[in-house]
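The values are calculated or read from the model by the stated rules, or taken from the named source; none is laboratory data. All of these numbers come straight from a predicted model, not from anything done at the bench. Note that each Cβ is placed from the backbone with ideal geometry, even for glycine, and that neighbours are counted across all protein chains shown. We work out accessible area using only protein heavy atoms, side chains counted, and drop any ligands, DNA or RNA first. Shrake-Rupley method; radii C 1.70, N 1.55, O 1.52, S 1.80 Å.
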Amino acid sequence: MCLKDNFTIKKEPVILGIESSCDETACAVIRGRKLLANQIISSAAEQAKYGGVVPEIASRMHTEAVDEVASRALEEAGLTVGDVDAVAVTYGAGLLGALLVGLSFAKGLAYALGVPLIAINHIRGHLAAAYLDEPELKPPFVTLLASGGHTAILHTKDYLNFEVLASTLDDAAGEAFDKCARVLGLPYPGGPNVERLSKEGKEGVKLPSALVKHSSNTAFSYSGLKTAVINYCHTAQQRGEEYSKADVAYAFQRSAIDPLVEKTVEYALSLGVGCVTAGGGVIANGYLREKLSAACKKAGLKLVLPEKKYCTDNAAMIASEGLNQYLAGNFAPMDINACAAIPLKT
Ligand code: KG4
Ligand code: ZN
């Protein structure tokens, strides 16, 4: 007997989602596609003291916060734990110790309640953030994924399946934002700080585009762009020349984002899907949001852009993907382990 035969599938289940893959301890509750609660306790301010995420600090803070964040979410939803029909939790990718805190909590809760445990690939969670913004949204559509670990354009064919149309050959866009921030001496978290500084910048610094050709396919490369930023800054420093960090941030942001927007729209038009969605931390970038909105409008494409708080790590997206998996009866065994790295398509 498979796991799904053990449970009755409801049409509008109450799903409690838990996310603890990095420095946010988060819990959300949905009923069907309706978001009832979304709570986050972040250790970002603590991590900023060290210039980045320290895994041991993240694990400890998740341990302190997970019970509290779940209680707050149930209270916000106006529900009790007995109302929960399934528990969805990120099992990878992420920091192993951090993931284990959320996963262990979710296992205990699902077991005690006698409800299904749903193991979520964090990146699929980012993709499912679009359904929070528009509960009636139905595939197919083209999705721009840009996070700290992934950068790709996907053809989302149905609620469970997608095809990768183009992706990065090396670093992810978010990773490049963070590295650019470090070179410019900006504090953690890098991405939002590069965005802030770029607003004071102007045209002038020449940097390569992140768009590359890879055996006649479209692909992106962020490692070359990162190296170009390092070279530009170091050369100026060695020559004792003044340079504008804001102008570097301005040029970097355009080189990193323009090709993602351009290619996303091109794919949507060539596939004739009529709709574009987006997900991942970099999608919180204001320049990207404006550029993608304008490009979709010009091309006559519908754009479903999740609110910024659903682009960066959160548990609402985990609950949202939880519903996709719940309706398909994809439940996890209680001995499932956390995975630091899992392929995009898992
Ligand atoms: O999706 P996410 O929260 O975590 C992962 O699953 O990776 O993405 C984090 C990444 C970081 O690299 C961060 O610098 C970037 O998203 N990010 C941004 C912005 N906000 C977060 N990048 C550019 N502009 C932003 N406003
Ligand atoms: Zn994420």
Of the residues Leu74, Leu79, which single one is in a loop (DSSP other than H, G, I, E, B) and modelled with pLDDT of 95 or more?
Leu79
Looking at (1) open to solvent by less than 20 Å² (accessible area, probe 1.4 Å); (2) without any contact (Cβ under 8 Å) to a residue 24 or more places away in the chain, can you tell me which one Val87 breaks?
(2)
Residue that is surrounded by the most Cβ atoms within 10 Å (Cβ to Cβ), among those in the range 246-266 that are within 21 Å of the chain's Cα centre (by Cα) and among the small types (Gly, Ala, Ser):
Ala256
Sole miss for Leu36 among (1) surrounded by fewer than 19 Cβ atoms within 10 Å (Cβ to Cβ); (2) in contact with a helix residue (DSSP H, G or I) (Cβ under 9 Å, 6 or more places away or on another chain); (3) not hydroxyl-bearing (Ser, Thr, Tyr) is condition (1)
Just need a number here: residues in the range 116-132 that are within 16 Å of ligand 1 (Cβ to nearest atom) and farther than 15 Å from Ile342 by Cα.
5
Please find, among Val282, Val276, Val265, the residue that is more than 16 Å from ligand 2 (Cβ to nearest atom), in contact with a helix residue (DSSP H, G or I) (Cβ under 9 Å, 6 or more places away or on another chain) and closer than 18 Å to Ser209 by Cα.
Val265
Please count how many residues of the range 267-290 are part of a helix (DSSP H, G or I), more than 14 Å from ligand 1 (Cβ to nearest atom) and surrounded by 18 or more Cβ atoms within 10 Å (Cβ to Cβ).
2
So which residues in the range 139-160 are away from ligand 1 (no atom under 16 Å from the Cβ), assigned to a loop (DSSP other than H, G, I, E, B) and in contact with a strand residue (DSSP E or B) (Cβ under 9 Å, 6 or more places away or on another chain)?
Pro139, Pro140, Lys157
What residue, among those in the range 119-160 that are open to solvent by less than 20 Å² (accessible area, probe 1.4 Å), more than 14 Å from ligand 2 (Cβ to nearest atom) and in contact with a Phe, Trp or Tyr (Cβ under 6 Å, 6 or more places away or on another chain), is nearest to Ile30 (Cα to Cα)?
Leu137
Return the residues of the range 7-28 that are farther than 30 Å from Glu56 by Cα and either in contact with a Pro (Cβ under 8 Å, 6 or more places away or on another chain) or assigned to a loop (DSSP other than H, G, I, E, B) (or both); say none if nothing qualifies.
Phe7, Thr8, Ile9, Lys10, Lys11, Glu12, Pro13
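Conditions tested, residue by residue: (1) small (Gly, Ala, Ser); (2) over 19 Å from Gly149 (Cα atoms); (3) out of contact with any strand residue (DSSP E or B) (no Cβ under 7 Å at 6 or more places or on another chain).
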residue	(1), (2), (3)
Leu169	no, no, no
Phe177	no, no, yes
Ala181	yes, no, yes
Leu184	no, yes, yes
Gly190	yes, no, yes
Asn193	no, no, yes
Lys199	no, yes, yes
Leu207	no, yes, yes
Ala210	yes, no, no
So in the range 161-208, with the set limited to residues that are of a type in the set (Ser, Thr, Tyr) and not in a loop (DSSP other than H, G, I, E, B), which one is least open to solvent (accessible area, probe 1.4 Å)?
Ser198
Please enumerate the residues belonging to the range 167-205 that are closer than 30 Å to Ser216 by Cβ and of a type outside the set (Gly, Ala, Ser).
Thr168, Leu169, Asp170, Asp171, Glu175, Phe177, Lys179, Cys180
Could you list, in sequence order, all residues of the range 209-245 that are within 14 Å of Arg182 (Cα to Cα), surrounded by fewer than 17 Cβ atoms within 10 Å (Cβ to Cβ) and in contact (Cβ under 8 Å) with a residue 24 or more places away in the chain?
Ile230
Pairs only if they're at least six apart or on different chains, beta carbon under 9 angstrom, first in the range 331-345 and outside any loop (DSSP other than H, G, I, E, B), second open to solvent by 60 Å² or more (accessible area, probe 1.4 Å); list them, first residue then second.
none
